[in-house]
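Undergrad: To start, I am sharing the structure in question, which I have written as structure tokens.
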Amino acid sequence: MGYKVINIQHKDTLSSGNLLFFETGTDIDFEIKRVYYIVNVPKNIRRGAHAHKQLKQILFCPFGSIDISLDNGSGDKSVITLSSPDKAIILMPCIWRDMIWNIDNSVLCVAVSDTYDENDYIRNYPEFLIYVRENDEQKSTGI
Ligand code: TYD
């Protein structure tokens, strides 16, 4: 499908909270070049509606609850709820995603493999399906 759900490692202390962490090499297989996070989103707002051509990402929600809908363009679709700070989704390229905020002010954090490049986005769903089909054909013919 092109994604993996992981449990983020944590160090817990009884009275002073939890520290969570992930590292390249141990938890993710790409170097992180950019981190962004989305805040001040009201409940029921939908964001996303795009795929990436090359970008690899890890998404996590340290506060609140966000549904992440994933679609590989070849019939595999799933919804993953990020509602715990120790759960993350590692997302490979070429997956269409929509995010829906279940709770006001839930925070979505994303660490990614490259700097921002609008040319890496596919923001039109029919174009995404064509892109997936062409890439699959290239893989099967070795072009
Ligand atoms: P987008 O990735 O579409 O956000 P979402 O999927 O949450 O709706 O980005 C929203 C806008 O922000 C878009 O105009 C691109 C811009 N942007 C940057 O300038 N830098 C960044 O690192 C990111 C992720 C987005």
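Undergrad: Just checking, how many residues over region 14-38 are in a loop (DSSP other than H, G, I, E, B), surrounded by 11 or more Cβ atoms within 10 Å (Cβ to Cβ) and β-branched (Val, Ile, Thr)?
TA: Summing the residues that are in a loop (DSSP other than H, G, I, E, B), surrounded by 11 or more Cβ atoms within 10 Å (Cβ to Cβ) and β-branched (Val, Ile, Thr) in region 14-38 gives 1.
Undergrad: Inside region 72-82, can you point out the residues that are part of a strand (DSSP E or B) and closer than 13 Å to His52 by Cβ?
TA: Correct list: empty.
Undergrad: On to the next question. Return the residues of region 84-106 that are within 27 Å of Asn40 (Cβ to Cβ) and either hydroxyl-bearing (Ser, Thr, Tyr) or crowded, with 18+ Cβ neighbours inside 10 Å (or both); say none if nothing qualifies.
TA: Ser84, Ala88, Ile89, Ile90, Leu91, Ile95, Trp96, Arg97, Met99, Ile100, Trp101, Ser106
Undergrad: Right, next: Within region 107-124, track down each residue that is under 17 Å from the mean Cα position of the chain (by Cα) and either among the hydroxyl-bearing types (Ser, Thr, Tyr) or loosely packed, with under 13 Cβ neighbours inside 10 Å (or both).
TA: Ser113, Thr115, Tyr116, Asp117, Glu118, Tyr121, Arg123
Undergrad: Which of (1) in a loop (DSSP other than H, G, I, E, B); (2) of a type in the set (Lys, Arg); (3) closer than 28 Å to Ile130 by Cβ does Arg47 not meet, given it meets every other one?
TA: Failing condition for Arg47: (1).
Undergrad: Looking at Gln9, is it polar (S, T, N, Q), closer than 16 Å to Asp120 by Cβ and loosely packed, with under 14 Cβ neighbours inside 10 Å?
TA: Against the criterion (polar (S, T, N, Q), closer than 16 Å to Asp120 by Cβ and loosely packed, with under 14 Cβ neighbours inside 10 Å), Gln9 does not qualify.
Undergrad: Another one. List pairs: first in region 97-115 and within 11 Å of the ligand (Cβ to nearest atom), second acidic (Asp, Glu) and modelled with pLDDT of 95 or more, Cβ under 8 Å, 6+ apart or cross-chain?
TA: Arg97/Asp71; Met99/Asp67; Asp114/Asp120
Undergrad: Can you say whether Ser69 is hydroxyl-bearing (Ser, Thr, Tyr), within 15 Å of the ligand (Cβ to nearest atom) and closer than 27 Å to His10 by Cβ, as far as the supplied structure shows?
TA: yes
Undergrad: Just one of Ile103, Ile68, Ile90 is out of contact with any strand residue (DSSP E or B) (no Cβ under 7 Å at 6 or more places or on another chain) and among the hydrophobic types (A, V, I, L, M, F, W, C); which is it?
TA: Result of the check over Ile103, Ile68, Ile90: Ile103.
The values are calculated or read from the model by the stated rules, or taken from the named source; none is laboratory data. Fair warning: this is a prediction, and the values are worked out from it, not measured in the lab. In this analysis, Cβ positions are derived from the backbone assuming ideal geometry, glycine residues included, and neighbour counts consider all displayed protein chains.
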